[in-house]
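I have placed the structure first, in the form of structure tokens, so that the comments after it can refer back to it.
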Amino acid sequence: MRITVIGCGYLGATHAAAMAEFGHEVLAMEIDRAKREALAQGRVPMHEPNLADLLARNVESGQLRFTDSYAEVAAFGDLHFVCVGTPQQPESLAADVSQIEAAITGLAPHLARPALVVGKSTVPVGTAERMAGRLTALAPAGGEAMLAWNPEFLREGYAVQDTLHPDRIVVGIQDSRAEKLLRDFYQPMIDQGSPIVVTDYATAELVKVAANAFLATKISFINAMAEVCEATGADVVDLADSIGYDERIGRQFLNAGIGFGGGCLPKDIRAFVHRAGELGVEDAMTFLRHIDDINRRQRERVVHIAKAMVGGDLAGARIGVWGAAFKPDSDDVRDSPALWISGQLHLKGADVRVYDPQANATAGHAFPTLTYADSAVEACRGADLVLHLTEWPEFRELTPTDLEGVVRRQQLFDGRNVLDVDAWRSAGWTVRALGRR
Ligand code: UGA
């Protein structure tokens with residue numbers, strides 16, 4: 001098919017390249033000139049494993065092209081995927097859907113023949129219905145310009161894999177013609193075994209936020225248990241392993257630590273609480289405020305622990321930090337707990353030196369006054385304390401020998417509960433972690 005993709009962030013760039021890989025002809029629209037030009041040359045402007053190859057291959061073959069013109073998008077094909085961002089509003093918990101509105105308003109006047117616009121962005125429930133009305137009103141094709149909502153569940157770090165092999169395909173529709181088109185479009189994935197759920201707009205929109213709310217709840221649950229473990233001398237990793245063996249619970253997303261961040265989980269649960277309030281069902285969603293509070297408390301607890309470990313005064317203490325990205329295999333520092341903690345320690349007077357295998361540049365852009373080191377070992381030179389905050393595999397490989405003669409005091413805090421604590425302790429290090437003995 002000839003399809004178009006509007007918005008080329010993580011979601012759009014990956015969707016465009018992956019759909020080209022499936023053999024579709026893809027025209028992708030990006031209004032940011034620098035990003036568009038990079039993509040058109042086959043360069044990915046963020047760190048996402050396997051995306052660079054996928055993109056370069058399909059740009060080279062001509063299967064994937066880029067534009068900044070809605071007229072060209074409308075002329076190119078009749079299936080248009082909207083993949084723009086829906087960040088948190090600056091002074092509210094609500095999601096900012098202005099990019100979605102702009103995409104529909106920009107595209108609709110060019111839709112003169114039957115077309116299907118497919119929203120993939122995460123939106124407050126009710127947005128699809130509103131956008132469907134706007135589409136019909138503005139498109140010369142009128143009711144022949146249809147809308148579907150088809151949320152995306154990709155994880156950063158696994159974006160290509162999740163897009164090529166989705167664990168489910170959810171489509172919210174109002175018209176059975178839209179279902180037929182999307183079934184045909186996704187047939188290769190359905191044939192691979194991806195289940196498809198066809199439902200209404202509201203359910204499709206809610207599936208996405210409900211999934212992220214559930215994942216956030218799992219993480220905050222185990223982090224709350226970590227606090228109880230600390231108060232009782234219990235061990236949260238043994239606890240998570242043990243409850244995780246119960247298939248009804250499952251071990252995934254039960255890794256206690258400094259909490260969740262990124263461009264999705266935090267803003268999605270806040271937007272959900274806000275929307276629930278507008279719908280008059282805020283009481284049902286109040287627990288998500290607690291989930292957010294527990295998550296934020298983890299970060300604050302780390303600042304307190306670090307302060308105590310350096311002797312009660314952060315001013316003048318030197319702290320080496322491993323990790324700045326919100327999770328490994330990403331250079332994304334949006335709402336990153338690692339960067340938040342580093343920033344707080346710096347603002348309280350510590351000399352903080354951060355190293356991240358991929359996120360030094362993005363972190364430096366977001367927080368230019370921190371010092372960034374070229375290696376994990378360099379970040380620790382002269383340190384009174386080392387903080388492990390993003391669980392990149394290379395940090396797990398480091399041994400006490402690597403830091404011999406490098407640090408001032410042998411003190412380590414494992415914020416992700418993955419380091420070999422016994423090995424570090426045997427080498428004479430003081431090690432602390434959240435919820436661990
Ligand atoms: C999340 C969801 O996992 C995706 O399914 C969803 O499609 C995506 O948001 C989205 O809304 O687009 P992502 O933001 O890439 O994906 O990150 P996650 O893998 O969910 O991790 C989120 C945060 O939770 C990270 O900071 C991670 O370190 C933290 N986390 C994760 C924990 O603290 N403990 C865990 O056990 C798991």
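For the reader, a short list of remarks on this structure follows.
- Selection from the stretch 399-437 of residues that are of a type in the set (D, E, K, R) and over 23 Å from D241 (Cα atoms): D402, E404, R408, R409
- Scanning the stretch 4-26 for residues that are of a type in the set (F, W, Y) and at pLDDT 95 or above turns up nothing.
- Qualifying positions in the stretch 256-280 - away from the ligand (no atom under 12 Å from the Cβ), under 21 Å from the mean Cα position of the chain (by Cα) and without any contact (Cβ under 8 Å) to a residue 60 or more places away in the chain: none
- Residue match in the stretch 281-295 (condition: away from the ligand (no atom under 15 Å from the Cβ), free of Cβ contacts under 8 Å to residues at least 24 places away in the same chain and not in a helix (DSSP H, G or I)): yes
- Residue check for R248: at pLDDT 95 or above, of a type outside the set (G, A, S) and part of a helix (DSSP H, G or I): no
- The residues of the stretch 215-243 that are under 23 Å from L389 (Cα atoms), assigned to a helix (DSSP H, G or I) and of a type outside the set (A, V, I, L, M), listed by number, are T217, K218, S220, F221, N223, E227, C229, E230, D238, D241.
- Residue count for the stretch 296-318, restricted to those that are in a loop (DSSP other than H, G, I, E, B) and modelled with pLDDT of 95 or more: 7
- Any hit, the stretch 358-366, residues being among the β-branched types (V, I, T), farther than 23 Å from W429 by Cβ and assigned to a helix (DSSP H, G or I): yes
- Counted residues, the stretch 16-36 - those being surrounded by 24 or more Cβ atoms within 10 Å (Cβ to Cβ) and not in a strand (DSSP E or B): 6
- When the strands (runs of 3 or more DSSP E) confined to the stretch 378-433 are screened for residues that are within 25 Å of S330 (Cα to Cα) and in contact with a strand residue (DSSP E or B) (Cβ under 7 Å, 6 or more places away or on another chain), those reaching at least 3 such residues are found at 385-388, 411-414.
- Every residue from the stretch 332-357 that is surrounded by fewer than 20 Cβ atoms within 10 Å (Cβ to Cβ) and either in a loop (DSSP other than H, G, I, E, B) or modelled with pLDDT under 95 (or both): R334, D335, K348, G349
- Residue in the stretch 222-229 that is polar (S, T, N, Q), buried (at least 22 other Cβ atoms within 10 Å of the Cβ), more than 24 Å from D96 (Cβ to Cβ) and within 9 Å of the ligand (Cβ to nearest atom) present: yes
- Exclusive hit being at pLDDT 95 or above, of a type in the set (S, T, N, Q) and out of contact with any Leu (no Cβ under 8 Å at 6 or more places or on another chain), set T105, T86: T86
- Single residue of the stretch 312-331 satisfying the filter (more than 11 Å from the ligand (Cβ to nearest atom) and among the hydrophobic types (A, V, I, L, M, F, W, C)) that is surrounded by the most Cβ atoms within 10 Å (Cβ to Cβ): V321
- Within the stretch 56-78, the residues that satisfy the criterion of being more than 27 Å from T105 (Cα to Cα) and surrounded by 19 or more Cβ atoms within 10 Å (Cβ to Cβ) are N58, V59.
- Check on L11, among the aliphatic types (A, V, I, L, M), more than 25 Å from M146 (Cβ to Cβ) and within 23 Å of the chain's Cα centre (by Cα): no
- Reported count of residues in the stretch 375-397, each being without any contact (Cβ under 8 Å) to a residue 60 or more places away in the chain, under 27 Å from the mean Cα position of the chain (by Cα) and farther than 25 Å from G312 by Cβ, is 5.
The values are calculated or read from the model by the stated rules, or taken from the named source; none is laboratory data. Quick caveat: nothing in here was measured; it's all calculated off a predicted structure. Backbone-built Cβ (ideal geometry, glycine too); neighbour counts: all protein chains shown.
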